[in-house]
Amino acid sequence: MKPTLLSLGFFALLGIVGVTHAAGDVQAGKVKASACAVCHGTNGEGKSPNPKLTGITESQFVQALQDYKSGKRKSEVMKLYADQLNDQDMANLAAYYASLKGK
């Protein structure tokens, strides 16, 4: 029983590592963020009336973009930008802005 549980734990850990590896790329997000800077500031600090992008969790950031893309959240400007992003782009942007938390 213990070897079976140990094996299951090991494979579960490998699955978590695989998910972490699939997360966004900060450098790719930084490159893609130039379009965001016009309205949200160079470092995502926010420019009135647009909100700051730093301090948002990666999952919240991706969910917001997906909601703009689907039309669940309403903003013609954000829908225009979100429509141009694929899932990896969204993850990369989320990773980039999450990396700026302390700045």
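Only four residue types carry charge here, +1 at the Cβ of Lys and Arg and -1 at the Cβ of Asp and Glu. Report the dipole size of segment 24-99 about the Cα centre in Debye, rounded to the nearest 20.
For this selection, approximately 240 debye.
Would you mind ranking Tyr68, Tyr96, Tyr81 so that the residue whose beta carbon has the fewest other beta carbons within 10 Å leads the list? Don't skip to the end; give the middle numbers.
Details: Tyr68 21, Tyr96 26, Tyr81 16.
Placing the least packed residue first, the sequence is Tyr81, Tyr68, Tyr96.
Please sort 58-64, 46-52 by packing, taking for each peptide the average over its residues of neighbouring beta carbons within 10 angstrom, highest first.
So the order, starting with the most tightly packed, is 58-64, 46-52.
Could you list Ser70, Ser99 so that the one with the fewest beta carbons within 10 Å of its beta carbon is first and the one with the most is last?
Numbers: Ser70 11, Ser99 16.
Taking fewest neighbouring Cβ atoms as first place, the list is Ser70, Ser99.
If I stretch the segment between Lys72 and Lys101 completely, what's the gain in nm (0.36 nm per residue apart, minus their alpha carbon distance), one decimal?
Values: separation 29, 0.36 × 29 = 10.44 nm, distance 2.67 nm.
Stretched fully, the Lys72-Lys101 segment lengthens by 7.8 nm.
Throughout, read-outs are computed from the coordinates displayed, never taken from laboratory work. No experiment lies behind these values; they were computed from the predicted model shown. Here the Cβ is made from the backbone with ideal geometry for all residues, glycine too, and neighbour counts use every protein chain on show.
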